[in-house]
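The values are calculated or read from the model by the stated rules, or taken from the named source; none is laboratory data. Since the structure is predicted, the reported quantities are computational estimates derived from the model, not experimental observations. Every residue, glycine among them, receives a Cβ derived from its backbone with ideal geometry; neighbour counts consider all protein chains shown. These area figures cover heavy atoms from the full protein model, side chains too; ligands, DNA and RNA do not enter into them. Shrake-Rupley method; radii C 1.70, N 1.55, O 1.52, S 1.80 Å.
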Amino acid sequence: MGSSGFRFSAVRNFFPAVFALFTLLLLASGIARADAAAFDLTGPRLEITVTRGGKMLPIADVPNLQPGDRLWIHPDFPENQSVRYLLIVAFLRGSTNPPPDNWFTRAETWNRQVRQEGIIVTVPADAQQALLFLAPETGGDFSTLRGAVRGKPGTFVRASQDLNQASLDRLRLDKYLSGVKETSETDPKELQERSVLLARALNVKLDPKCFDKPVEQQAPCLSQNSDQLVLDDGHSQSMVNALTSGPSSDFIGAMSGTSIAGGGFYSAYVGAVVDLVRILSTLHTAEYQYIPALAQPKQQELNLRLNNPPSFNKPKSVLVVGLPPVEAAQLPPLRARNTDAVACLQKSPLVLAVEGAPLVFASDIAHDFVLHVESKSGAAIDLPAAADAARDGFVIDTRALHAGQLDQEETGTLSGHWGFESFEGPRFKLSSAHSTKWVIPPAERNAVIVGRDESIHLESSAAACVEKISVVAAGGEELKTSWKPAKADELELQLPLKDQTAGIVKVKVKQYGLAEPDEFDLRAYSEVARLERFTINAGDQQGVLKGTRLDEVDSFELNGIHFIPAKLTRADQKDELRLAALNNSPTNALQPEEKLTARVTLRDGRVLDVQSTVAPPRPKVALLSKSVQRGPQLSAIRFGSEDELAQGGRLSFFVKTEVPERLSHSEKIEVATADESFHILLSEADGNLLLQDSQTALAILDPTKSFGASAFGPLRFRPVDADGNKGDWTPLANLVRVPSLKEIRCPDKPDQQCKLSGANLFLIDSVASDPEFKLTVPVPAGFVDGSLNVPRPNGTLLYLKLRDDPSTVSMMVLPVLPEE
C-alpha cells in the first residue's frame with residue numbers, strides 16, 4: 001500500500017515538473033522554430049534498392065519494409081571526400097525492447113569494396129523500424145552509437161517516426177512549390193487554376209489573397225512561409241507508428257498540438273520537425289550530437305537534406321536518416337472525388353479526379369497504374385494512367401482506343417501498385433462518344449423566351465463527351481453560349497437571348513472524337529402569357545381567366561369542354577379574359593368546388609396548364625313583368641316602344657328567383673346603364689325591393705333620384721346574393737330624357753312651316769309630319785332656342801325621334817294654334 005502510494009505521488013508530481021521544463025525549453029527556442037524546418041542544406045547521397053520475393057524496387061517506390069527484405073545500400077560520396085563516414089544500419093523493435101547487437105550493421109564508406117559494390121542488409125524478423133546513421137570516424141564510434149540506441153530505444157523509435165513523417169510531408173511541399181514555380185514561368189495566366197488544383201491534390205494550405213496581387217507577385221506569395229503550408233494527411237500518419245501508449249504519449253501528443261510546441265500556429269510538417277530536433281537534442285554527448293537528415297528519394301537515389309551544418313569537431317555530428325517503417329503496407333485510401341460523375345473516353349486529356357491520398361501525387365510509391373475498362377459485352381482494355389497533381393487526378397492515355405471498340409457506357413477501375421503491393425482503386429463511370437438525340441425536359445420546351453437570358457437542360461447518355469456547343473439565333477447570329485454539367489447525363493446550356501427575336505434557334509452539339517455534331521432545332525418564343533387562375537361558376541357558359549399577355553390565348557380546354565376567347569379587359573397591369581364555351585357546349589358536368597387543370601393553347605402553338613376552380617352557381621332571376629309610371633312632362637308624347645322609360649318616370653318590375661330556390665332578405669337587384677357609369681343596388685333595407693313571397697320580389701326604380709338628370713340609354717339588371725356573387729345582366733328598359741312641350745302655332749298659308757315651342761328642345765333628334773319621316777326637320781346639335789320650325793301637323797299629330805333613342809318613332813300630340 002505504501003509503495004503504491006509512493007508511485008502515484010511520484011507520477012502526480014512528475015507531470016507538472018515536466019510541463020514546466022518543456023515550456024521553458026520551447027519558449028527559449030521559439031525564435032528558431034521557423035528555421036528548424038528549413039532543411040535547405042544539401043547532404044550526402046545514398047543509393048538504395050529493396051528486393052522482396054525476387055522483385056527489386058528503387059527506394060523511391062517503397063513505402064514500407066518487411067522482414068526478409070534485402071536492402072542494397074551504396075554510399076555515393078565524391079572521390080575527394082575528406083571526412084571518413086561510418087555507415088551504420090540499425091533495426092528497432094519498439095520503444096521498450098532494445099534491439100540485439102546483431103541488428104546493427106557497420107560499413108566503412110571509404111572502403112573500396114563498399115564504395116564500388118555497396119552492402120546488402122536483410123531486415124530481421126520482429127523488426128519494426130529502421131534507421132541509417134552516418135557518423136564521422138572516431139575510436140569506438142560504432143560501439144558508442146550502438147550503446148546509445150540500445151540505451152534509449154524509445155527515443156530513436158520516435159526519431160524514426162518523425163523522420164518518416166517529415167520526409168513524406170516534405171515530398172508534398174516540394175511537389176507543390178515546384179508546380180507553382182513551373183506554372184509561373186511557363187503559363188502565368190493559368191497560375192490560379194493550377195495552384196488551386198495542386199493545393200487540393202496535395203492537401204496544402206492556399207492563401208486566396210495571393211490572387212488579388214499582380215501576376216508577377218502571385219507565385220512568391222503562394223510560396224512564402226512554405227514550411228507552414230502542409231496540412232495533416234491521415235494516410236501518411238497511418239504509415240508511421242505511435243511512439244508508445246499511456247500517460248507519457250498522451251502528454252507528448254497534447255503538447256505537440258499547442259502553439260508552444262509547434263502545433264496550431266504551425267503545420268504538421270513543422271510540428272514533426274520541431275519534435276524531431278527536440279528529441280535528438282537530448283542525446284548530445286561530449287563525443288556526438290545527432291542531427292536529422294530528411295530523405296528525399298528519387299528513383300534509387302536517397303538525397304539527404306540537412307537543417308544544420310554538420311560539425312566535425314567534438315561533439316561531432318551524426319546524421320540520422322529514417323528508412324520506411326517495417327510493417328504491413330498501408331494502402332492509399334484513394335477514392336473518386338465525385339462518384340456520380342461520368343468521364344468521356346474520347347476526351348483529351350482524360351482526367352479522373354481522385355482524393356484521399358496526397359502521397360499518390362507527391363511520391364513515386366504509387367506506380368504502374370492503369371485504368372481497366374471492361375464493357376458489357378466482355379471486351380476489356382488497360383489504359384496507362386499517371387497521377388498529375390496539377391490536374392488533381394489521374395491522366396489516362398487513351399491513344400490505344402479505337403472507334404467502336406467499347407460500348408456507349410462502361411465502367412473503369414483504377415488499379416496499380418503501392419510499393420510491392422498491388423491494389424484496386426476506385427471505380428469510375430465511363431462513356432464513349434456516340435451520335436445521340438438530345439432531350440429537353442418537357443417543362444422547358446416551351447419556356448425559352450426572347451428578351452432575356454435563358455438556360456435550358458439537355459439530356460443524353462453522351463453528356464460527358466460534349467466538347468463544344470454552338471447556337472445560332474433565329475436572326476442568324478451565332479450566340480456566345482456557355483454550358484456546364486448539371487448531372488451525369490445532363491448539361492445546363494446558357495442562351496443569351498436578351499437582344500434576339502422569336503423563332504427557330506439552331507443548336508449543334510460537338511462531341512470528342514466525332515467529326516459531325518448532333519443538330520436539333522429549338523423554338524424561342526416571345527414573352528409567354530402568365531396564367532394565374534381560371535374560374536367558372538357551375539352552370540355558366542363563360543368563365544374568367546386571369547393573368548398577363550392573355551391576348552396570346554388561342555383556345556382553352558377544361559374537362560373536355562372547349563372554350564374560345566370572348567372579351568379581354570386589362571386593369572392594374574393584369575388581364576382578364578372572358579372565355580365562352582364553344583357552340584354553347586353544356587357545362588353541367590362541372591361540379592361546384594371542383595379543382596381542375598385546364599390546358600391553354602397559345603397562338604404560337606405552346607400549350608400551358610392552369611389551375612381552374614368551379615365556383616358555386618351564380619344567382620339567377622327571371623323578369624316576370626314591369627310597369628312604367630309616366631312623368632308629368634310626358635302628357636304630349638306617346639312613346640313608340642313599351643321599353644322606353646322617361647327621366648321623371650318610375651319603373652316597377654317583378655322578378656322570380658331560379659338560383660337559389662328561395663330568396664333571402666339580403667338579396668339585392670343591381671340596375672345599371674350599359675356602360676355601368678350609372679348603377680344602383682335595390683335592396684329591402686333601402687325600401688326599393690319588396691319580397692312578395694320566398695320566390696318573387698317587386699323592385700322599384702326612380703331613375704332621376706337614383707342616377708340624376710344626365711343618365712340615359714339602355715338599362716339592365718342582375719341579382720346580387722349576400723356574398724356579393726352577381727348573376728347575368730338582363731335587359732330592363734331604355735332610359736330617355738324628354739323635352740317639355742308647350743304648343744304649336746301655324747300660319748294661315750298651308751305651304752308655310754309651323755313653330756313648336758317648349759323647353760329642352762335639344763333632346764329632340766328630329767320631327768316629321770309622317771311616321772316614315774319623309775317630311776322631316778332635324779334638330780341641330782347645341783340647339784338652345786325655345787321654339788323650333790316644324791312641318792305642318794296632320795291635324796294635331798306630329799312624329800318625333802328623341803336624341804337618346806333615335807331608332808324609336810314616338811308621337812307628339814299638341815293643340816295647333818294660329819300664328820300670333
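Summary of computed values
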item: Residues of the stretch 552-582 satisfying the condition of being without any contact (Cβ under 8 Å) to a residue 40 or more places away in the chain, open to solvent by less than 70 Å² (accessible area, probe 1.4 Å) and of a type in the set (D, E, K, R); result: Asp575
item: Matching strands (runs of 3 or more DSSP E) fully within the stretch 459-510 where at least 1 residues are charged (D, E, K, R) and over 21 Å from Ser348 (Cα atoms); result: 490-496
item: Failed item, numbered, when Pro333 is tested on (1) in contact with a helix residue (DSSP H, G or I) (Cβ under 9 Å, 6 or more places away or on another chain); (2) open to solvent by less than 50 Å² (accessible area, probe 1.4 Å); (3) under 30 Å from Leu71 (Cα atoms); result: (2)
item: Residue within the stretch 499-519 that is of a type in the set (S, T, N, Q) and over 29 Å from Thr548 (Cα atoms) present; result: yes
item: Segments classed as strands (runs of 3 or more DSSP E), wholly inside the stretch 299-365, with at least 2 members that are out of contact with any His (no Cβ under 8 Å at 6 or more places or on another chain) and within 21 Å of Glu424 (Cβ to Cβ); result: 342-344, 350-355
item: Residues located in the stretch 511-525, provided they are touching a residue at least 60 places away in the same chain (Cβ under 8 Å) and either at negative phi or in a strand (DSSP E or B) (or both); result: Gln511, Tyr512, Leu514, Glu516, Asp518, Phe520, Leu522, Arg523, Ala524, Tyr525
item: Only listed residue being free of Cβ contacts under 8 Å to residues at least 40 places away in the same chain, open to solvent by 60 Å² or more (accessible area, probe 1.4 Å) and under 38 Å from the mean Cα position of the chain (by Cα), chosen from Lys175, Lys189; result: Lys189
item: Hits in the stretch 732-761 (condition: part of a loop (DSSP other than H, G, I, E, B) and open to solvent by less than 50 Å² (accessible area, probe 1.4 Å)); result: Val738, Pro739, Pro747
item: Residues being out of contact with any Ser or Thr (no Cβ under 6 Å at 6 or more places or on another chain), touching a residue at least 12 places away in the same chain (Cβ under 8 Å) and more than 21 Å from Pro78 (Cα to Cα) - total across the stretch 121-151; result: 17
item: Cβ-Cβ under 7 Å pairs, at least 6 apart or on other chains, the stretch 624-652 side under 23 Å from Glu670 (Cβ atoms), far side acidic (Asp, Glu); result: Glu644/Asp805; Arg650/Asp702
item: Residue within the stretch 82-95 that is crowded, with 17+ Cβ neighbours inside 10 Å, in contact with a Lys or Arg (Cβ under 9 Å, 6 or more places away or on another chain) and more than 15 Å from Val320 (Cβ to Cβ) present; result: yes
item: Residue count for the stretch 463-505, restricted to those that are more than 15 Å from Asp518 (Cβ to Cβ), open to solvent by less than 50 Å² (accessible area, probe 1.4 Å) and touching a residue at least 60 places away in the same chain (Cβ under 8 Å); result: 1
item: Ser641 modelled with pLDDT of 90 or more, outside any strand (DSSP E or B), under 30 Å from Val738 (Cα atoms) and among the hydroxyl-bearing types (Ser, Thr, Tyr); result: yes
item: Gly378, sole failed condition from (1) under 30 Å from Gly43 (Cα atoms); (2) more than 37 Å from the chain's Cα centre (by Cα); (3) open to solvent by 30 Å² or more (accessible area, probe 1.4 Å); result: (1)
item: Of residues in the stretch 685-720 being surrounded by fewer than 14 Cβ atoms within 10 Å (Cβ to Cβ) and polar (S, T, N, Q), the one modelled with the lowest pLDDT; result: Ser710
item: Strands (runs of 3 or more DSSP E) enclosed by the stretch 384-442 - at least 1 residues per element that are farther than 26 Å from Tyr176 by Cα and either open to solvent by 20 Å² or more (accessible area, probe 1.4 Å) or not aromatic (Phe, Trp, Tyr) (or both); result: 409-418, 421-431
item: Top-ranked residue of the stretch 583-612 - restricted to ones that are closer than 23 Å to Ala447 by Cβ and small (Gly, Ala, Ser), ranked as most open to solvent (accessible area, probe 1.4 Å); result: Gly605
item: Extreme residue, modelled with the lowest pLDDT, among residues of the stretch 792-820 that are outside any strand (DSSP E or B) and open to solvent by 60 Å² or more (accessible area, probe 1.4 Å); result: Glu820
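Every residue, every condition in (1) farther than 30 Å from Ala589 by Cβ; (2) open to solvent by 40 Å² or more (accessible area, probe 1.4 Å); (3) modelled with pLDDT of 90 or more, yes or no:
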site: Gln511; (1), (2), (3): yes, no, yes
site: Phe520; (1), (2), (3): yes, no, yes
site: Tyr525; (1), (2), (3): yes, no, no
site: Phe534; (1), (2), (3): no, no, yes
site: Gln541; (1), (2), (3): no, yes, no
